[in-house]
Amino acid sequence: MRPEPPRPALAPPLGPEDHIYGPADAVVELVAYGDYQCPHCHTAHPITQSLIEEFAGQLRFGWRHFPLSKIHPDARNAAMAAEACGDKFWHMHNLLFTDPGKLSRENLLQYARQVQIDPQTVIAAWDENRYGELIRRHIASGLRSGVNTTPTFYINGRRHNGGFDKRTLTTALLQAIAEKSTASAGQNPPT
């Protein structure tokens, strides 16, 4: 039997500058590092949406940007556009996953209109590199946390080394819930 690969910790943990969906007192936390132009992230997006619904009230989901700009040239602009949407971030986030081939500046401005954000807000974000430092911090955090591809998931602060299909992630979340329940009951988690 092969030993399990190391599971680096999420560094830093979710905080006030992160985009978080779900209750602060959730039993389980799922954090994704992703890239809006990544085809694997597009595959994972409906799965994470399904998990958010399935584990409603128990799951806290966080998103961090990890644009692989050398191979996905529109990913950074997409991340900036999402950030420029402020409190409509999640609406824009979902729109950006509708088609990885439609992330040109023109398409991003159309998405901004769809979520009722003035396109000039997005243009200013690009021109002023308004969210460049935040994206840089997300990337640095990902590198410290062992991210080397997208999507990379963290469950309760530890990297998930398995697949990102629905069955695998569901199993991992249920295991994390069981471990947390066992730990809160004062018992040692099963090995």
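Computed quantities for the displayed model
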| quantity | calculated |
| --- | --- |
| In the stretch 7-16, residue nearest to residue 162 (Cα to Cα) [restricted to those that are modelled with pLDDT under 95 and surrounded by 10 or more Cβ atoms within 10 Å (Cβ to Cβ)] | 7 |
| Count of residues meeting criterion [exposed (fewer than 14 other Cβ atoms within 10 Å of the Cβ), touching a helix residue (DSSP H, G or I) at 6+ places or on another chain (Cβ under 8 Å) and at pLDDT 95 or above] in the stretch 17-27 | 0 |
| Filter pass, residue 123 being surrounded by 19 or more Cβ atoms within 10 Å (Cβ to Cβ), more than 22 Å from residue 38 (Cβ to Cβ) and of a type in the set (A, V, I, L, M) | no |
| Among the residues listed as 12, 16, 46, 73, the single one being under 22 Å from residue 112 (Cα atoms) and under 16 Å from the mean Cα position of the chain (by Cα) | 46 |
| Residue list for the stretch 124-178, filter: under 30 Å from residue 112 (Cα atoms) and of a type in the set (Val, Ile, Thr) | 135, 139, 147, 149, 150, 152 |
| Top-ranked residue of the stretch 28-57 - restricted to ones that are in contact with a helix residue (DSSP H, G or I) (Cβ under 6 Å, 6 or more places away or on another chain) and either closer than 21 Å to residue 12 by Cβ or of a type in the set (S, T, N, Q) (or both), ranked as surrounded by the most Cβ atoms within 10 Å (Cβ to Cβ) | 34 |
| Qualifying position, being closer than 20 Å to residue 67 by Cβ and over 15 Å from the mean Cα position of the chain (by Cα), among 144, 159 | 144 |
| All positions within the stretch 124-166 that are in a strand (DSSP E or B) and either without any contact (Cβ under 8 Å) to a residue 60 or more places away in the chain or polar (S, T, N, Q) (or both) | 152 |
| Selected residue (only one of 171, 182 is at pLDDT 95 or above, over 18 Å from residue 72 (Cβ atoms) and of a type in the set (Ser, Thr, Tyr)) | 171 |
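Each row is one residue, and each column tells you yes or no for (1) surrounded by 15 or more Cβ atoms within 10 Å (Cβ to Cβ); (2) farther than 23 Å from residue 12 by Cα.
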| residue | (1), (2) |
| --- | --- |
| 65 | yes, no |
| 72 | yes, yes |
| 86 | no, no |
| 91 | yes, yes |
| 96 | yes, yes |
| 108 | yes, yes |
| 111 | yes, yes |
| 118 | no, yes |
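The values are calculated or read from the model by the stated rules, or taken from the named source; none is laboratory data. This is a predicted model, so every value here is computed, not measured. Ideal geometry is used to build each Cβ from the backbone, glycine not excepted, and the neighbour counts take in all protein chains shown.
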